[in-house]
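Asker: Structure below; questions to follow.
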């Protein structure tokens, strides 16, 4: 598994004085995600993501978070074409948020909107959408980006809470996906899944609590999505020369 935050290179705080002439050209180019094989997803994305991707969990105890697998090799995203276009129906919000994100100061009191200055789509040649108007006010594009980033953060916290609820019950176990790709056995590891037997042994009260919070829906959607491992192996075989 890879750390998906590595799609961000030079994280820079957005400043109207420094970046008043900055524009962005972002026309469906996902080349920035070419070298990752997983992406975080939010609880609200499970139903759509499960139609195409295996949903797994990664991280250490107390810091688990859901992700979708997008490749078999750690540095290859099978969903990004040679021309940078996205090759699946659903695009995770984590990738749609790029190249923006919020940074929290050391006192954990104030968020600052940042952007990846390494993203090739940024320019000062008026190509694409401007981030600021001539009077220094936020452009419509930037307002939408901020709104999306704010929503993402809120949903991230909600997802973290639900995942912690599942984790606290000891339901996650190390997993391994064994795949046959063109006659070659390949193993994908470094992630966790919910164990059905542990789930079945939970007391009725804890099962009821999982249903009430919405965590149970995530669990079963996650387990259902694991069928997509076969599709991932097929994509990998088709991508090889």
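Asker: When only C-alpha pairs under 8 Å and at least 6 residues apart count, what is the relative contact order of segment 1-70, in percent?
Answerer: Numbers: 57 pairs, mean separation 22.0, N = 70.
Averaging sequence separation for qualifying contacts and normalising by length gives 31 percent for segment 1-70.
Asker: Oh, and also: Hey, can you rank 52-59, 214-221, 24-31 by average C-beta count inside 10 Å, highest first?
Answerer: Numbers: 52-59: 21.1, 214-221: 17.5, 24-31: 15.2.
Per-residue mean Cβ counts within 10 Å order the peptides as 52-59, 214-221, 24-31.
Asker: Quick check: Cα centre of segment 72-87 to Cα centre of segment 170-194, how many Å?
Answerer: That distance is 20 Å.
Asker: Once you order the gyration tensor axes a ≥ b ≥ c over the Cα atoms, which shape class does segment 79-210 get: rounded for a/c under 1.5, otherwise prolate or oblate by comparing a/b with b/c?
Answerer: Values: a/c = 3.18, a/b = 1.54, b/c = 2.07.
Oblate.
Asker: Would you mind calculating the relative contact order of segment 63-159 from Cα pairs under 8 angstrom and at least 6 residues apart, reporting the percent as a whole number? Provide the component values of the computation, followed by the final result.
Answerer: Numbers: 63 pairs, mean separation 18.2, N = 97.
That works out to 19 percent.
Asker: Relative to the longest principal axis of the C-alpha atoms of the chain, give the angle of the C-alpha long axis of helix 204-213, reported between 0 and 90° and rounded to the nearest 10°.
Answerer: Computed tilt is about 20 degrees.
Asker: To the nearest 10 degrees, how steep is helix 140-168 against the longest Cα principal axis of the chain, on a 0 to 90 scale?
Answerer: Helix 140-168 and the main axis of the chain meet at about 20 degrees.
Asker: In addition: What is the angle, in °, between the Cα long axis of helix 229-239 and the longest principal axis of the Cα atoms in the chain? Nearest 10 is fine, range 0 to 90.
Answerer: Roughly 50 degrees, rounded to the nearest 10.
Asker: Give the Rg (one decimal place) followed by the Dmax (whole number) of segment 4-239, computed from C-alpha coordinates and expressed in Å.
Answerer: 19.7, 62
Asker: Right, here's the next one. Over segment 4-239, what is the relative contact order in whole percent, taking alpha-carbon pairs under 8 Å and six or more residues apart? Before the final figure, lay out each step's value.
Answerer: Working: 382 pairs, mean separation 64.6, N = 236.
Value for segment 4-239: 27 percent.
Asker: Do the sum for the chain: with -39,500 (n - 2.57) for every DSSP H run of n ≥ 4, divided by all residues, what is the mean residue ellipticity at 222 nm, to the nearest 500 deg cm²/dmol?
Answerer: Details: 8 runs with 79 residues, N = 241.
The helix contribution divided over the chain gives -9500 deg cm²/dmol.
Rule-based calculations on the coordinates, nothing more; no lab input. What you see is a predicted model; the values in this text were computed from it and never measured. Cβ coordinates were reconstructed from backbone atoms using ideal geometry, including for glycine residues, and neighbour counts include every protein chain displayed.
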